[in-house]
Amino acid sequence: MADDLTAGDALESAVAAAVDAGDAPADREAALMSLSAADLEAVIHARLESAGTVLTSGLAASPGAATGTVYFTADDAADAADRGEAVILVRTETTPADVHGMMVATGLLTTRGDLVSHAALVARGWGTPAVVGAGEITISGTTFAVGDTVVAEGDTISIDGSTGEVMLGAQGGAALPPPAAFFTVLGWADDVRRGHLAVRANADTAADAEKARMLGAEGIGLCRTEHMFLAPDRLPVMRAMILARTAQDEAVALDELGRVQRTDFAEILTVMDGLPVTVRLLDPPLHEFLPSVLDLEVKRAGPGLDDEEQRQLDAALDWAEHNPMIGTRGVRLAVIKPGLYAMQVRALLAAVHDRRDAGRHPLVEIMIPLTVSRAELALARSWVDEAAAAAGLDADARADISVGTMIETPRAALRAGELAEEADFFSFGTNDLTQLTYGFSRDDVGRRVIPAYLAHGVLPSNPFVTIDADAVGELVREATARGRAAKPGLRIGVCGEHGGDPASIELFHDAGLDYVSCSPFRVPIARLAAAQAVIAARRAR
């Protein structure tokens, strides 16, 4: 636990120095500028209690330590968790189909992927320790090997998501309560950044929202509604909607999805009462909710498929695309299946109605993903306006509901002026904006190309971790300027993974954004980084 003591000492020393110097604002600023993200991270995440022999290492994708028994599929992990086991889910890489196993895992370990892979992003969002890209591991059925060492399903391992180390056996792990200085420093940071740069959280459930609010989030900047559909009790209903043969069957499935979404939204709005909640309507392509074509084809070649599985295979093949991340997703999917967004908006506005009837004050921002033109956004906004009118909300309630879009393509950034005419707010999706600006597939180049580029000095840093100031950053600055030229006072934030990166936060502050949004456990880091950006800008003048 030495790392915890070191980090705690760093915080205590900074605070003590400021107090000894007179506790003046300048002394507090000096204390804030002396600290790093690592100082805060180290005191809010578990550390291994003992140092075992390192079996292998990967990328430190999500801070914290975990010990558990090894399982290789999401289904087996979920079953083991139901039996009360602490689970380490080991996968080559994860996909949305693994979410139900990831949700219950104590830790995640993958052999592929980088710091912005699916496993890394999900783990950081949930505060689950994760090691990714452990390339020395070879998975074979229900075992994995590193050299001559073989680890079987049910064996115990430990991982450290802060160092990337993987160890055999149980090493233990515990998180100490943060020292008092932790809260003192963050209070000072809030005083400095107040009125400059707010900090929200990316949260998809009421539990995530509770963590975020506890860690000082000032709202939710991204609620990814697709994660609600991936829960074990919802996924079959989502698949029923995709597989529906008639409009009536589709309507029945949509009604059921709307019912559970209404409950989910009401729970999140209750936790975040009085704070803004940005709800992104469905974004991913539909094939992500179906079993993989490969898995179904393998089963068909073996024991065979039942009627339901054959229908799933037919649908998966029908929805398959060469480049699904730039294919039929986001608002494009909604144009093809307008019932999807209509259902989500009705559920959300019904939850708003419920909360207001209970005397609460919900503040809702409805975010349309992947729009690239005014006509596209105007069409999507019309669906929201129609649902709001049908919901019977009074003028006060409707005043607390806004509609905006994600800026995640270069075209959207360059046409920000026309998009602003239909938007109440912008939120930069910097993960996709980076992919489309570079022409990089994040999941593909992260394993081979990015490490090679960093080694040869072709890139100064991983652009999916720290924003590329020269091009992606320029698009952020230009879109902000064009959007506000068309609509002064336009509210603008960022909800991509860069929202929790200190160097990126400095750029967002300089660009004039109103807030950053990041994973709940990165909220303290963002609060400190936002204050440091304000201080740095003040000193530069």
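Each value in this text was obtained by applying a stated rule to the coordinates, not by laboratory testing. Here the structure is a predicted model, which means the values were calculated and not measured. Glycine gets a Cβ as well: all are built from the backbone with ideal geometry, and neighbour counts include every protein chain shown.
What whole-number volume per residue, in cubic angstrom, does the convex hull of the C-alpha atoms of the range 54-174 give?
84 Å³
Given Cα pairs under 8 Å that are at least 6 residues apart, what percent is the relative contact order of the chain?
Computed over the chain, the figure is 15 percent.
The range 58-74 to the range 484-505: how many Å between their Cα centroids?
With the range 58-74 and the range 484-505 each reduced to a Cα centre, they are spaced 32 Å.
Distance from a point 7 Å along Cα→Cβ of ALA486 to each backbone N in the range 391-409: keep the residues under 17 Å and list them by number.
Residues 403-409 fall inside that zone.
With r as the distance between the Cβ atoms of VAL252 and ARG311 and R0 = 22 Å, compute the FRET efficiency 1/(1 + (r/R0)^6) and round to 0.05. Mind showing how you got there, number by number?
Details: r = 16 Å, r/R0 = 0.74.
Rounded to the nearest 0.05, the efficiency is 0.85.
Quick check on the range 453-535: take the gyration tensor over C-alpha atoms, sort the square-rooted eigenvalues as a ≥ b ≥ c, and tell me if it's rounded (a/c under 1.5), prolate or oblate.
Judged from the Cα gyration tensor, the range 453-535 comes out oblate (a/c at least 1.5, b/c at or above a/b).
Taking 7 Å along the Cα-to-C-beta vector as the label spot, tell me the GLU478-LEU168 distance in nanometres, rounded to one decimal.
A separation of 5.6 nm, rounded to one decimal place.
What helices does the chain hold that run 24 Å or longer along their axis, going by alpha-carbon atoms, with a Kyte-Doolittle average of -1.0 or more, using DSSP H for the helix calls?
Span-like helices in the chain: 2-20, 247-271, 338-357, 374-391, 523-540.
If you restrict to DSSP beta bridges whose two residues both lie in the chain, what percentage is antiparallel, to the nearest 5?
40 percent
Checking a compactness column here: for the chain, what do you get for Rg(Cα) / (2.2 N^0.38 Å), N being the number of residues?
0.97
What distance in nm lies between label points placed 7 Å from Cα along the C-beta direction at TYR453 and ALA207?
3.6 nm
Rounded to the nearest 0.05, what FRET efficiency do MET33 and ASP470 have when you use their Cβ-Cβ distance and R0 = 30 Å? Walk me through the numbers before you get to the answer.
Details: r = 26 Å, r/R0 = 0.85.
Result of the calculation: an efficiency of 0.70.
Once a ≥ b ≥ c are taken as the square roots of the eigenvalues of the Cα gyration tensor of the range 171-298, is the result rounded (a/c under 1.5), prolate (a/b larger than b/c) or oblate (a/b not larger than b/c)?
Verdict is prolate for the range 171-298.
When the chain is fully extended, how far beyond the present Cα-Cα distance does VAL146 get from ALA320, taking 0.36 nm per residue of separation?
Once the chain is fully extended between VAL146 and ALA320, it gains 59.2 nm.
Report, in whole Å, the centroid distance computed from the Cα atoms of the range 370-431 and the range 247-272.
Answer, in whole Å: 21.
Treating only the Cβ atoms of Lys and Arg (+1) and Asp and Glu (-1) as charged, compute the dipole magnitude of the chain about its Cα centre; round to the nearest 20 debye.
1440 debye
Say each of ARG245 and ALA395 gets a label point 7 Å from the Cα, pointing the same way as Cα to Cβ; how far apart are those two points in nm?
Label at ARG245, label at ALA395, 5.2 nm between them.
With n ≥ 4 as the cut-off for DSSP H runs, can you work out [θ] at 222 nm for the chain, using -39500 (n - 2.57) per run divided by the number of residues, rounded to the nearest 500? Don't skip to the answer; put the middle values down first.
Numbers: 25 runs with 264 residues, N = 541.
After summing the helix terms and dividing by residue count, I get -14500 deg cm²/dmol.
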